[in-house]
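Student: Once you've had a glance at the structure underneath, I'll fire off some questions.
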Amino acid sequence: MVNKKDMKKQKINRRQFFGRTAAALGGFVAFSLLPVAASEKTEMKNSKSGFTLWQLPSHVNTIGNSYVMRTNKGRIIVMDGGMPQEAPFIRGFIDALGGEVEAWFISHPHSDHMGALSALLPDLQHLKIKQIYHSRLAENLIDKDEEQNLCREFYDHLEKSGIPVKDIQDAGQILHFDEMNLQILSVQNPEFEMNAYNNSSMIMRVWDKRKSVLFLGDAGVECGDKVLQGTYGHRLDSEYIQMAHHGQNGCSQQFYKSVKFRVCLWPTPLWVWNNDGGKGFNTANLKTVETRHWMDELGIKEHHVTCLEGMWRLD
Ligand SMILES: [Fe+2]
């Protein structure tokens, strides 16, 4: 729940997010099911799950993006991990799952995505991380964001951690973690100097025999349209889709019209969900309400919103 004290506490983060949004502002197809035959859908649902996914809610009422997956054989995969203040929570969550991370993916170096990992790296204690994956920004992009110092600090922590780091600069790679598969569909984009960090989000698709999930990070219009029109555009269709940039001012309406999906995952605090800058519903400059309307137009019926539902699990 959000109270006035919490809202006050998060003022800086909220202001930063509204500011970031302002800086970045730059044929209807109805569907409700994946394009598979009914018999195939039944077969998919009856298949054994290859991984469990948890969508973690923000614990500091900010815009953290945090997902954890556990494969059918118990290997742990982390997607982003949230804000620096959430490091103790994700450490504890991983600990409860065995304390060892097989692979930690960072979509892009904004603090609401890499902050928790960056905070953990200098003092891992008993936490084990076997491999980190990211797509390192080109030098021309690093200084294009107000969080450039945090980004450089994160890169420094990566280098000093001693953990193997895989810098992915080409899309297409497919990784297998037991019965869970992951494909990189988009990497950093040095040509997009506007909204640079968000538009360099690594976009990833994860699937097993019964479900698929698309992680869009904070992809902006340019990043989303590029991957949609590129070599791996045909790989975007997924049953579940993590809404780009917390569900507002991310990918274009055309992107969401073009990609087939059934369920929206929203890593979104209440003030973003309601576009509430402190004066009530839809009184600020965020685009969440517009995106929600797009999803209604598309006939999407199932939504999992962190601020409304808390932790959500998918098997
Ligand atoms: Fe974000």
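Student: If packing is taken as the average number of other Cβ atoms within 10 Å across a peptide's residues, how do 233-239, 62-68 rank, most packed first? If you can, show how the numbers build up before the last one.
Tutor: On the way: 233-239: 18.1, 62-68: 26.3.
Ranked from most to least packed, the peptides come out as 62-68, 233-239.
Student: Okay, moving on. Using a simple spin-label model with points 7 Å from Cα along the Cα→Cβ vector, what separation in nm is obtained for residue 263 and residue 309?
Tutor: Here the modelled spin labels are 0.6 nm apart.
Student: Something else about it: Counting only protein heavy atoms and using a 1.4 Å probe, what share of the accessible area of region 29-314 belongs to carbon plus sulfur, as a whole percent?
Tutor: Numbers: 5390 of 11020 Å².
Carbon and sulfur together cover 49 percent of it.
Student: Step through the residues of region 121-127 one at a time and calculate ³J(HN,Hα) from phi using the Karplus curve (6.51 cos²θ - 1.76 cosθ + 1.60, θ = phi - 60°), rounding each to whole Hz and writing x for Gly and Pro.
Tutor: Working through the residues one at a time gives 4, x, 8, 5, 6, 8, 6 Hz.
Student: How much accessible area per residue does region 29-314 have, in Å², with a 1.4 Å probe? Spell out each step's value before the answer.
Tutor: Working: 11020 Å² over 286 residues.
Accessible area per residue, region 29-314: 39 Å².
Student: Which order do the peptides 163-171, 93-101 take when ranked by the mean count of other beta-carbon atoms within 10 Å per residue, highest first?
Tutor: 93-101, 163-171
Student: Return the FRET efficiency for the residue pair residue 46, residue 146: r is the Cβ-Cβ distance, R0 is 51 Å, and the value is rounded to the nearest 0.05. Numbers along the way, then the final one.
Tutor: Working: r = 49 Å, r/R0 = 0.96.
About 0.55, to the nearest 0.05.
Student: Could you give me the radius of gyration and the Dmax of the chain, taking only the C-alpha atoms into account and expressing both in angstrom?
Tutor: When restricted to Cα atoms, the chain yields Rg and Dmax of 18.3, 53 Å.
Student: How much length is gained if the chain between residue 131 and residue 72 is pulled fully straight, taking 0.36 nm per residue apart and subtracting their Cα-Cα distance, in nm to one decimal? Kindly include the intermediate steps, with their values, before the conclusion.
Tutor: Details: separation 59, 0.36 × 59 = 21.24 nm, distance 1.90 nm.
Length difference between fully extended and current span is 19.3 nm.
Student: Over the Cα atoms of region 65-164, compute the convex hull volume and normalise it per residue, giving Å³.
Tutor: Dividing the Cα hull volume of region 65-164 by its residue count gives 88 Å³.
Student: Same structure again: Report the rotationally averaged projected area of region 190-315 based on its alpha-carbon convex hull, in square nanometres. Walk me through the numbers before you get to the answer.
Tutor: Details: hull surface 32.6 nm².
Computed as one quarter of the Cα hull surface, the answer is 8.2 nm².
Student: Considering amide H positions built from the backbone, and no H for Pro or chain starts, which residues 5 or more places from residue 80, or on another chain, come under 5 Å of its amide H?
Tutor: 105, 106, 107
Student: Calculated from DSSP H runs of 4 or more alone, at -39500 (n - 2.57) each and per residue, what is the 222 nm mean residue ellipticity of the chain, nearest 500? Please report the intermediate quantities before stating the final value.
Tutor: Working: 12 runs with 100 residues, N = 315.
Helix-only estimate at 222 nm: -8500 deg cm²/dmol.
Student: Using the structure shown, select from 48/260; 73/257; 128/166; 144/211; 130/160 the pairs with a Cα to Cα distance greater than 26 angstrom.
Tutor: 73/257; 144/211, as the Cα separations exceed 26 Å there.
Student: Shifting gears a bit: Length gain on complete extension for the stretch residue 302 to residue 160, per 0.36 nm per residue less the alpha carbon to alpha carbon distance? Each step should come with its number before you reach the end.
Tutor: Values: separation 142, 0.36 × 142 = 51.12 nm, distance 4.25 nm.
Here the segment from residue 302 to residue 160 would lengthen by 46.9 nm.
Student: OK, next. Once you charge only the Cβ atoms, +1 for Lys and Arg and -1 for Asp and Glu, what is the size of the charge dipole of region 64-153 about its Cα centre, to the nearest 20 debye?
Tutor: On the way: 9 positive and 13 negative charges, 115 e Å.
About 560 debye.
The values are calculated or read from the model by the stated rules, or taken from the named source; none is laboratory data. Because the structure is a prediction, the values reported are computed rather than measured. Don't worry about glycine lacking a Cβ; one is built from the backbone with ideal geometry, like all the others, and counts go over all protein chains shown. Note: areas computed on protein heavy atoms with side chains; ligands, DNA, RNA excluded. Shrake-Rupley method; radii C 1.70, N 1.55, O 1.52, S 1.80 Å.
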